[in-house]
Amino acid sequence: MDATCGNGHDTLLLAGLVGPQGHVWGFDVQQPAIVETGRKLAGAGLAERVTLLHSGHEQLARYLAVPLQAVMFNLGYLPGGDRAVVTRPETTLNALEQSLQLLAPTGVVLMTIYPGHSGGDEERQVIDGWAAALDPRNYHSWRMGQLNVACDAPYCIIIQKAC
Ligand SMILES: C[S@@+](CC[C@H](N)C(=O)[O-])C[C@H]1O[C@@H](n2cnc3c(N)ncnc32)[C@H](O)[C@@H]1O
């Protein structure tokens, strides 16, 4: 599942990775993001592997009830789009909780977090706190970031569900 389709790069990557038998669900609150993602998928001949949902990822349990192998959150705003439409801590956290419920054993949640934009530092704090508090018997939680850059540079969190 791609929780934030944006310009469709990640959805396209996932559509290739799942192979002909797999399926991807992609969410975005912005219609232009859904349109652009659909355009990229069609161009690659992969549109049939993907269900695009013009909806907030916090609604995901309304649409999905299958075990997920991977859930990707590329947070922040749409590059080249409306910077006022940005992921927010409360809806991100809600979607993360729902993702863990649907995650298959050994499945992963991948997040890229951008603390540098307005509201991004609050989102960083909420997500870091949430990921650090997960029970290590059930989830393995990692953070990966580049050290020789500004402290508000983007970084990644990966959560793997235990077997
Ligand atoms: C950094 S962009 C994603 C980039 C994208 N993954 C790519 O490959 O181009 C973040 C996206 O999150 C979307 N977004 C913001 N709030 C959302 C929400 N509650 N549910 C789903 N998408 C949301 C924005 O519209 C924006 O397109």
*How large is ³J(HN,Hα) for each residue in the range 139-151, as worked out from phi by the Karplus curve 6.51 cos²θ - 1.76 cosθ + 1.60 (θ = phi - 60°), to whole Hz, x for Gly and Pro?*
9, 9, 10, 10, 10, 9, x, 7, 7, 8, 9, 4, 6
*Using only Cα atoms, figure out Rg for the chain and give it as a multiple of 2.2 N^0.38 Å.*
1.00
*Mind checking which of V18, Q98, Y114 is farthest towards the positive end of the chain's charge dipole, using Cβ charges of +1 (Lys, Arg) and -1 (Asp, Glu) about the Cα centre?*
V18
_Near-label residues of the range 121-158 by backbone N, under 13 Å of a point 7 Å along Cα→Cβ of V85_ = none
*Tell me, what is the percent relative contact order of the chain, built from C-alpha pairs under 8 Å that lie six or more residues apart?*
19
*Quick one: which of 96-109, 21-34 comes out on top by average Cβ neighbours within 10 Å, and what's the full order, highest first?*
21-34, 96-109
*How large is the charge dipole for the chain, taken about the Cα centre, if only the Cβ atoms of Lys, Arg (+1) and Asp, Glu (-1) carry charge, to the nearest 20 debye?*
380
*Relative contact order (%) - the range 1-67, alpha-carbon pairs under 8 angstrom, separation at least six*: 36
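Bear in mind these aren't lab numbers, they're just calculated from the coordinates by the rules spelled out. Note that the structure is a prediction, hence the values are computed from the model and not measured. Reconstructed Cβ throughout: ideal geometry from the backbone, glycine too, with neighbour counts over all protein chains shown.
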